[in-house]
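Some notes on the structure that comes next.
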Amino acid sequence: MSELSREEKEISPCKYEYLDHTADVQLHAWGDSLEEAFEQCTQAMFGYMTEIDKVEILDKHEIEAQGEDLQSLLFHLLDEFLFLFSAEPFFIPRKVKITEFDRVSFKISAVGYGEIFDLKKHPQGTEVKAITYSNMQIHDTPNVHQVYVIIDI
């Protein structure tokens, strides 16, 4: 076995790091109206986070969101509800009802009906880290009202 040279033994500076590789899931929701598709998409997000049938409707929380177009409006609706879950009061809605849907000013008001998340009662599903615009689709025609949203888990 030959002896290694000093140059061969020298270790170069570290030029890499470990990054979390995020997995995604795509939500597909539909309804008799675009409002219902937005509501269903919000509920789908929470259904991915826990067994939604274990959530009782004991309380309600209202949110407001605003966007520049329908996609950003959907993004902000989901993001507002995700924030309500991720910070105090850790509220998880089982049902979402849109009370105002302004397609001109791109404003939305909604009420979530549910309860405070409790690990003793609600099985922990997959954590949703963020809503994304990646491949977001909104189809709103007289016969089709559906949305596709990829969430970062």
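The values are calculated or read from the model by the stated rules, or taken from the named source; none is laboratory data. Since we're looking at a predicted model, the values are computed, not measured. Virtual Cβ from ideal backbone geometry, glycine too; neighbours counted across all protein chains shown. Just so you know, the surface numbers come from the protein's heavy atoms only, side chains and all, with ligands and any DNA or RNA stripped out. Shrake-Rupley method; radii C 1.70, N 1.55, O 1.52, S 1.80 Å.
Assorted remarks:
- For the stretch 41-76, the tally of residues that are farther than 23 Å from ASN135 by Cβ, open to solvent by 80 Å² or more (accessible area, probe 1.4 Å) and part of a loop (DSSP other than H, G, I, E, B) stands at 4.
- Scanning the stretch 114-144 for residues that are acidic (Asp, Glu) and under 25 Å from GLU88 (Cβ atoms) returns GLU115, ASP118, GLU127.
- Residues that are surrounded by 18 or more Cβ atoms within 10 Å (Cβ to Cβ) and within 18 Å of PHE38 (Cα to Cα) are absent from the stretch 116-124.
- Of all residues in the stretch 77-100, none are open to solvent by 40 Å² or more (accessible area, probe 1.4 Å), within 17 Å of GLN40 (Cα to Cα) and aliphatic (A, V, I, L, M).
- Verdict on ILE138 being part of a strand (DSSP E or B), open to solvent by 20 Å² or more (accessible area, probe 1.4 Å), in contact (Cβ under 8 Å) with a residue 24 or more places away in the chain and of a type in the set (A, V, I, L, M): yes
- When the stretch 104-115 is filtered for residues that are surrounded by 14 or more Cβ atoms within 10 Å (Cβ to Cβ) and within 19 Å of GLN71 (Cα to Cα), the ones remaining, listed by number, are PHE106, LYS107, ILE108, SER109, ALA110.
- Where a residue in the stretch 73-102 is under 18 Å from GLY31 (Cα atoms) and its partner, wherever it lies, is in a helix (DSSP H, G or I) and open to solvent by 60 Å² or more (accessible area, probe 1.4 Å), with Cβ under 6 Å and at least six apart: none
- Annotation note: Cβ proximity below 7 Å between a residue of the stretch 52-65 that is closer than 14 Å to LYS121 by Cβ and a residue that is open to solvent by 80 Å² or more (accessible area, probe 1.4 Å) and assigned to a strand (DSSP E or B) (sequence gap 6+ or interchain) occurs for ILE52/ARG94; VAL55/ARG94; ILE57/ARG94; ILE57/LYS95.
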